[in-house]
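Remarks on the structure that follows.
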2 protein chains.
Amino acid sequence: MAGKPSLEDLKAGIEGAISTGRAVFLVCACRVDYEGRARSSLGPGERMVIIKEDGTVIVHQKSGRNPVNWMPPRTKTELSMADGELCLTCRKHREGEWMKVRISQASSLQTFYLEDFERLELYGTEKDFVKELIDDPSLIEKGFRMNKNERLMVAGRIDISGVDADGTPVAVEVKRSRATPHDVVQLKRYVDVLRKRSDGPVRGILVAPSSSSKARRLLVEYGLELKRVHPLKLERKRSQSDLSRFVEG
Amino acid sequence: MAGKPSLEDLKAGIEGAISTGRAVFLVCACRVDYEGRARSSLGPGERMVIIKEDGTVIVHQKSGRNPVNWMPPRTKTELSMADGELCLTCRKHREGEWMKVRISQASSLQTFYLEDFERLELYGTEKDFVKELIDDPSLIEKGFRMNKNERLMVAGRIDISGVDADGTPVAVEVKRSRATPHDVVQLKRYVDVLRKRSDGPVRGILVAPSSSSKARRLLVEYGLELKRVHPLKLERKRSQSDLSRFVEG
DNA sequence: ACATGCATTTCGCAT
DNA sequence: ATGCGAAGTGCATGT
């Protein structure tokens, strides 16, 4: 079904797809209202609507990376005709959250199965960066030794903890991209916890490829330190693009 | 074009759409690679691909609210045939960022123009919440008075500042949803700034609909306060009283 | 189920 | 342009 379906055809087509676990794509003139964690309304215009087999509903305008309206996986969508429009009512019952897509006209409808068993493989996350630093702690600082037990105990709260060459406790916060004031505050929280545990001095090091000026100001204010390190493999990539830019320019 | 196009047809169809500012939707078997801020690869499978007129490219798997791969607005997409596949090369030159979608087979292609002049109207943001509190400061606390000049001076850093019924300075941090430990730390930063300015006591109030237990523990530890207020309910209540005022008056 | 923090976060707003 | 924080954030992970 890919011509200009009537709203009745549309209703039957979408209901059929939902009941058989097929995905739906349609281009239509519609209005959208949402209420739940906030409240929104979108006046009439032409958009793309996707309904996935997991219940996800996404409404895309002509521009922008993000959907203008959406409902997350496990949403239940029901269809009804009212005032000459086809209304998609998408609900998450428990959360008391709903979206209504009122369709006045559809220019196309497609339904289909997607066969896909692959998952994204991603490299360059903060976790990867931490792994690199654990493999070579001297990247943080010469003489730095990781405290493995400690790291396990507070896993999820602090990226790396250890001691420097003098045996002084060090909390390390790792950021894969430019450090912000937010990151500094986070490190300070960790350091404060360690300072309560030990009477002696405690150092805090923020490891990041770069930092904003406000972040640096805060670091000084809190008596914390910055160590500039680029995530390794990404650094190689950056060198290449820098080089080609140099050659071109 | 909505049957099963050949890859050559696909190439011509997509190129035509891009050059004339139409959007593209296709269902295809493909692999995807990305490199830029990180690096990723996605093995073969069937996905949906959207190309918008602003250059946005989105690849959706069968499940999940978010695209598995994407490129942001202003991306340039070029097409080429290689090894019996149609390759979409999507680049942001300055950022040295690229995504390649290698298509082995397409089951449908649609191109279309979307006419849409509407923008989303959204209610219930933090900004809206702050506005409500400014309109009725007694929601924060009986006798609370806002310091308007102060608020302008430090705009962007503190949500609301003022004095309580006793004239004691108060910093107010507003959260539209459940308050977290980080929110408490942020409020403490503001309070510390005010404490440097005045020798007397300074209060800090976190206004939020709810708070996590750890956040409450931190509030106690820092000597700060929590005021529970629901933003959306507030708005509903206001609409009602506006209405009744209209009916009565 | 809730809590916490990352994200190729994206996005808007202010400087 | 860059900095900064919010987001209907989504999402995985740990408890």
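Here, each number is a calculation from the coordinates, and none is a lab measurement. Model, not experiment: these values are computed from the prediction. In this analysis, Cβ positions are derived from the backbone assuming ideal geometry, glycine residues included, and neighbour counts consider all displayed protein chains.
Numerical summary
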item	result
The protein assembly as shown, Rg to Rh (Cα coordinates; Rh as Kirkwood inverse mean 1/r)	1.02
Distance histogram in 5 Å bins (all Cα pairs of the range A:7-112, percent per bin)	2, 13, 25, 28, 20, 9, 1
Partner aspartates and glutamates for A:Lys11 [C-alpha distance under 17 Å; skip if fewer than 8 residues away on the same chain]	A:Glu53, A:Glu78, A:Asp83, A:Glu85
Qualifying lysines (Cα of each under 18 Å from Cα of B:Lys196; at least 8 residues distant if same chain)	B:Lys188
Where labels lie 7 Å past Cα in the beta-carbon direction, separation of B:Lys196 and B:Tyr113 in nm	5.8 nm
Pairwise label distance in nanometres, B:Asn147 with B:Arg94, each label 7 Å out on the Cα-Cβ vector	4.0 nm
Rg [Å, one decimal], Dmax [Å, integer] - the range B:99-212, C-alpha atoms	22.1, 73
Full-extension gain in nm, A:His182 to A:Thr125, via 0.36 nm per residue minus C-alpha separation	18.7 nm
0 to 90° range, to nearest 10: angle between helix A:232-248 axis and chain A longest Cα axis	80 degrees
Cα-only radius of gyration and Dmax that characterise chain B, units Å	26.8, 78
Sequence-separation-based contact order of chain B, relative, with Cα cut under 8 Å and 6+ spacing, percent	14 percent
Inter-chain shielding of A:34-46 (mean C-beta neighbours from other protein chains, 10 Å cut-off)	5
Spatially proximal aspartates and glutamates relative to B:Lys227 (Cα-Cα < 15 Å; intrachain offsets below 8 disregarded)	B:Glu132, B:Asp136, B:Glu141, B:Asp159, B:Asp164, B:Glu173, B:Asp183
Angle between chain B longest axis and helix B:7-20 axis [Cα atoms, degrees, rounded to 10]	50 degrees
Across the identical copies, how the A:Gly143 labels are spaced - nm, sorted shortest first, 7 Å along Cα→Cβ	5.7
Under Karplus coefficients 6.51, -1.76 and 1.60, residue-wise ³J(HN,Hα) of the range A:173-182 in Hz, glycine/proline x	10, 10, 10, 6, 9, 2, 6, 10, x, 3
Full-stretch length increase - A:Glu15, A:Glu221 - with 0.36 nm per residue and alpha-carbon distance subtracted	68.1 nm
Size of electric dipole in chain A: Cβ of Lys, Arg +1 and of Asp, Glu -1, about Cα centre, debye, nearest 20	740 debye
